[in-house]
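Below: the structure, in structure tokens.
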Amino acid sequence: MQYRMISIAIALSLGLSQAASSDLLTPQVLEPTLAQFKTATPESVGLDSAQLTKMLNYLQTPGFDMESIIIARHGKVVLEAYVAPFHADIPHQVNSVTKSFMATLIGMLINDGKLKLTDTVADILPQYADLPNAKLITVEQLLGMKSGLLWQEWRSDNFGDFGELKRQPDIDIVKFVLNRSLEPDQVNNFNYNSGGSDLLGVLGEAALGSSLADYAEQRLFKPLGISNTRWINSDQQGHLGGGRGLYIMPLDMLKLGELYRQNGVWQGAQILPASWVQYATAPMLNITSGSHYYGAQWWVGQNREWYSAQGYGGQIIAVFPQDDITMVMTSRNNGNNFSFGFSALREYYLKLKDQRAENPIALAALQEKITQLATPTPTSKLRSPLEKIIHNRKIDINNPSHYLSQLQFEFNQDVVAIRMSPRKWSESPFKVQARLGAAWHSEPRPHVDDPLQKSSTESMRATRAQWLDKQTLQVESIDLDETWGLSFKIKFKGNKATLLNMNDSIASQGNIR
């Protein structure tokens, strides 16, 4: 109840009535060179190098598949690790972490007097006033995922309403979202809705009256010294996707977490109102049986011992305000991580002591682990006589629900070229290369710009392949700036092939022809 009352008070100060102009922040732009981080040893800020090494091992286990992690305390980075072939300079698709960036822009617009929490969709977009629910749904409800709309984010077809929205690039987002039925008794109850987050982007730009992308650049990214980003448009009108679609480097993700940890202050300047930080990260709506709550596009612990931005596949910005700790993680785990154990992480791996003696041996072991993770390791040098038999032959994948319909391997000395044919008619076959017995091979990724992904000139695809035994070939191919990839094993026997997942479960049978 205490946090609910606090959130109501903060909401009143943020725009349930129009903010007085004297209360508005003056935009302050900092030089990018000032927006960097100092470093410190874990022990100097009360953390334990040995426990951080154990944490790195833990986060490499199946179910996490970490690609990067950064931890800072008191604003000083004590751990920064990257898992090859991923590295520091790659803008990463952070999926629903995008929501927390969008919410930050909405908070700035409210502070600028452009929006109010009580504004309805019809108030901002009067041309849609005749749509169902346009006069009912408010900015506050969209931020808190509590509009009452009957929205199915996920369904058994693996797409859900948000997937349907993304599969129609010419869709009118406002109509698509507002035409959902509204259940009055579900208003103010949590229901995850990425379409509502996309709608926030449309509302923000309409209220601003100019480019929200330019606003984000000038008011958020430039002050924080963030320069290498890109953002998928949510529709053909060029609106920024509020539900997902931001590509940003891990160290720049840390900057948003640090901005919130410092209650909106960055390098001495109040970039974001402190009242917005408190509002957005207050545990307002209970999601699980008491441990997870939701604020305004932020996930929150029951007692605000942590709050986090979370994206599909394990993309995380987490702030532990009571401990003065900020953590960022990117991962390639094909699952949702909304049940990530932040409290357990805090209690075990990030446990603090007021004073710790420096521990050079444990620190050296931690640094060795970081180096090991960043170093590409060669694959097995084993070769198979099957290379001559399956060379250039087509392998049909029989499972109609599998992403691939066909594979083809071309062996040339120690290089294997792999041609993959997606089952979807809208996706073209593509070819990747790997050197058997070597480390990752990286090559430029083909250009793509659609509702789900957006490459750049620096986008790379990394692949490696190896024979696990003389009948089983393993292939891993990942787009370094995305959160998915193609990893599989294929076991050959006569004219048959069995496609296996990386955990050895059967994905499909196949025929060699």
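Brief remarks follow.
- 3J(HN,Hα) from dihedral phi, region 216-224, Karplus parametrisation 6.51/-1.76/1.60, rounded to Hz, x for glycine, proline: 4, 5, 7, 9, 10, 5, 5, x, 8
- Alpha-carbon centroids, region 375-434 and region 446-499: separation in whole Å: 8
- Under the criterion of Cα pairs below 8 Å and six or more residues apart, the relative contact order for the chain equals 17 percent.
- Size descriptors for region 439-513, from the alpha-carbon set: Rg then Dmax equal 14.9, 42 Å.
- The Cβ shell under 15 Å around LYS353 holds other residues with a net charge of -3, Lys and Arg each +1, Asp and Glu each -1.
- Ranked packing of 102-108, 194-200, 112-118, most packed first, by mean Cβ within 10 Å: 194-200, 102-108, 112-118
- Its residue count N sets the reference 2.2 N^0.38 Å, and the alpha-carbon radius of gyration of region 212-335 equals 1.08 times that reference.
- Exposure proxy order (Cβ contacts within 10 Å, fewest to most) of LEU345, LEU436: LEU345, LEU436
- Partner lysines for LYS222 [C-alpha distance under 16 Å; skip if fewer than 8 residues away on the same chain]: LYS255
- When each of LYS38/LYS351; LYS116/LYS175; LYS369/LYS470 is checked by Cα-Cα distance, pairs over 29 Å: LYS369/LYS470
- Distances between every pair of Cα atoms in region 386-512, grouped in 5 Å steps from 0 to the bin holding the largest one, split as 2, 10, 20, 25, 21, 13, 6, 2, 0 percent.
- For the chain: span of alpha carbons on each principal axis (Å, largest first): 77, 64, 43
- One way to sum up the overall shape of region 65-191 is the equivalent ellipsoid from its Cα gyration tensor, whose semi-axes run 34, 21, 14 Å, largest first.
- Volume per residue of the convex hull around the Cα atoms, evaluated for region 407-452, comes out as 93 Å³.
- Net length available on complete extension from ASP185 to ALA274 is 28.8 nm, with 0.36 nm assigned per residue and the Cα-Cα distance removed.
- Relative contact order for region 386-512, counting Cα pairs under 8 Å that sit 6 or more residues apart, in percent: 19
Read-outs: derived from the displayed coordinates by stated rules, not from any lab. Everything numeric here is computed off the predicted structure, so don't read it as measured data. Backbone-built Cβ (ideal geometry, glycine too); neighbour counts: all protein chains shown.
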